[in-house]
Amino acid sequence: MNKTKVILSLTLMLAIGMPAGAQSAANTGEVDDVITKKAFNKSVSFLGQKVKPDETWTYAGNSFTHNPNFKNHTLRNVLWFPDYRLLPFKASARARSADPRAASTLTDKGFTQDYSCIHGFYENLSKWYYPYQPYYHYCDFYWMHNEENSKKLLLEFNNFSKNVMASTGRQRAKFNYCAVTLPDSTRAYVPYDERFRTAWTALYLSNPTSIKAFNYYAMTLLSSDPVLMTCYENVPPALGRTKLRTPHMEQFEKMRTGRSKMAQIIAVNYLKLDELCTFIKRQFQRFETAETTYGKLLGGWVGHVTYQNILKNHRGYKESVDSIHHLNVMDAAFLKGYPTLRTQLAAEIGVSSSAEKDVKDAVPDKHKASVIKKTSTHKRR
């Protein structure tokens with residue numbers, strides 16, 4: 001086995017304390033799935049809001065839909081949400097024929113949905129937010145519960161996060177777009193982080209009360225953190241006069257933003273506050289105790305983005321509570337220590353950096369080298 005793969009996979013597992021993906025265990029009932037216990041009627045959405053005949057409703061001034069085929073996202077500000085009244089989702093016969101895991105009743109520890117239900121959920125995703133359909137033709141974009149797929153996504157994430165964390169705004173890490181053939185046979189390109197962002201957001205939505213499922217989604221928030229966004233750029237392929245084509249073209253980033261927003265809204269409504277606080281505390285503790293520089297930074301950053309984006313918007317959040325106030329102190333300690341560790345990580349992976357400013361400075365210091373990963377081509381299977 002490739003030594004680099006082993007090191008990167010072990011680094012991630014140590015940093016965030018989760019299985020590599022193929023490990024399974026019986027459902028221990030550790031997570032209380034409040035969704036399946038709710039007595040929904042046919043007209044009430046997952047937030048208890050009345051659903052109109054066209055499957056749309058309003059909540060907190062926003063418009064939502066359960067209709068996975070809703071086609072007017074470009075014209076109307078409507079977010080799609082899974083219809084959890086249909087739980088448990090079951091994979092179709094076609095999916096079971098193409099995907100061995102689609103018929104599996106194995107359940108990973110900390111999850112309440114087994115593999116067949118999760119893969120069945122993938123089939124019910126909105127084609128607007130998840131244009132890579134059917135999922136079993138686009139295995140690189142989904143968490144498929146097999147070792148090869150898990151290692152590939154973890155490697156891509158590790159490569160992305162490690163180089164971004166070691167970079168600055170003056171000399172950014174660079175990543176090539178990845179090619180993909182869409183269902184209509186159009187050849188398009190997506191940013192390097194699109195595959196793990198798609199996969200882990202879909203995985204979390206399939207089991208939204210599970211803090212273990214949320215572990216994966218939390219890592220996708222690194223891509224959109226305001227500080228880290230200044231530290232990398234996506235390099236388009238050389239297409240001559242041909243315009244770069246992405247899914248939904250000009251609406252691509254709107255799609256990605258909406259996809260993450262729906263996951264955040266679900267997280268702040270369904271994750272238990274105590275489990276969320278424990279998760280964040282554990283990440284900040286790894287920032288203090290991890291054996292590697294990358295492990296420290298990964299723990300700190302995952303704790304930071306979860307604290308800022310999820311906990312502060314949680315329905316039970318109260319800043320005056322001692323446990324939450326302590327997380328605020330830990331977050332401040334991470335932000336203070338980040339620049340020094342960034343410089344250290346840059347030296348370890350061969351990126352020169354003179355970063356000395358506080359992370360609050362939106363324009364970090366320069367360094368010389370940046371990393372460009374080769375474009376990989378994804379074809380429908």
By residue number, the members of the stretch 101-140 that are of a type in the set (A, V, I, L, M, F, W, C) and in contact (Cβ under 8 Å) with a residue 60 or more places away in the chain are Leu106, Phe111, Cys117, Ile118, Phe121, Leu125, Trp128, Cys139
Selection from the stretch 239-264 of residues closer than 17 Å to Leu203 by Cβ and either of a type in the set (A, V, I, L, M) or in contact with an Asp or Glu (Cβ under 6 Å, 6 or more places away or on another chain) (or both) yields Met262, Ala263
For the stretch 103-117, indicate whether the set of residues that are crowded, with 17+ Cβ neighbours inside 10 Å and closer than 30 Å to Met249 by Cβ is non-empty. no
What pairs come out if I take residues in the stretch 260-283 that are on the phi > 0 side of the Ramachandran plot and pair them with residues that are surrounded by 16 or more Cβ atoms within 10 Å (Cβ to Cβ) and at pLDDT below 95 whose C-beta lies under 6 Å away, six or more apart or interchain? none
Across the stretch 217-251, which residue is nearest to Lys162 (Cα to Cα) among those that are without any contact (Cβ under 8 Å) to a residue 24 or more places away in the chain and hydrophobic (A, V, I, L, M, F, W, C)? Met229
Can you find even one residue in the stretch 228-241 that is part of a helix (DSSP H, G or I) and closer than 15 Å to Gly303 by Cα? yes
Are any residues in the stretch 282-338 of a type in the set (A, V, I, L, M) and in contact with a Ser or Thr (Cβ under 7 Å, 6 or more places away or on another chain), and if so, which ones? Leu298
Given the structure, is Phe89 hydrophobic (A, V, I, L, M, F, W, C) and surrounded by 23 or more Cβ atoms within 10 Å (Cβ to Cβ)? no
Return the residue satisfying two criteria in turn: it lies in the stretch 301-348 and is buried (at least 22 other Cβ atoms within 10 Å of the Cβ) and of a type in the set (Gly, Ala, Ser), and of such residues it is farthest from Phe160 (Cα to Cα). Gly303
Please note which strands (runs of 3 or more DSSP E) are completely contained in the stretch 144-215 and include at least 1 residues that are more than 30 Å from Arg85 (Cα to Cα) and in contact with a Leu (Cβ under 6 Å, 6 or more places away or on another chain). 187-190
In the stretch 296-327, what count of residues is obtained for those that are among the small types (Gly, Ala, Ser) and out of contact with any Lys or Arg (no Cβ under 9 Å at 6 or more places or on another chain)? 1
Checking Trp80 against (1) crowded, with 23+ Cβ neighbours inside 10 Å; (2) closer than 30 Å to Val227 by Cα; (3) modelled with pLDDT of 95 or more, which single condition isn't satisfied? (3)
Quick check on my filter: what residues within the stretch 271-298 are in contact with an Asp or Glu (Cβ under 9 Å, 6 or more places away or on another chain) and either surrounded by fewer than 13 Cβ atoms within 10 Å (Cβ to Cβ) or not in a loop (DSSP other than H, G, I, E, B) (or both)? Ile280, Phe284, Thr293, Tyr294, Lys296
All but one of (1) small (Gly, Ala, Ser); (2) at pLDDT 75 or above; (3) in a helix (DSSP H, G or I) hold for Ser9, so report the exception by its number. (2)
Can you tell me which of (1) among the small types (Gly, Ala, Ser); (2) within 20 Å of Pro247 (Cβ to Cβ); (3) assigned to a helix (DSSP H, G or I) is the one Ala102 doesn't meet? (2)
Exactly one of (1) part of a helix (DSSP H, G or I); (2) within 23 Å of Ile211 (Cβ to Cβ) is unmet by Pro339. Its number? (2)
Just to check your reading of the model, which residue among Pro68, Pro82 is in contact with a helix residue (DSSP H, G or I) (Cβ under 6 Å, 6 or more places away or on another chain), of a type outside the set (D, E, K, R), within 23 Å of His137 (Cα to Cα) and in a loop (DSSP other than H, G, I, E, B)? Pro82
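The values are calculated or read from the model by the stated rules, or taken from the named source; none is laboratory data. Fair warning: this is a prediction, and the values are worked out from it, not measured in the lab. Don't worry about glycine lacking a Cβ; one is built from the backbone with ideal geometry, like all the others, and counts go over all protein chains shown.
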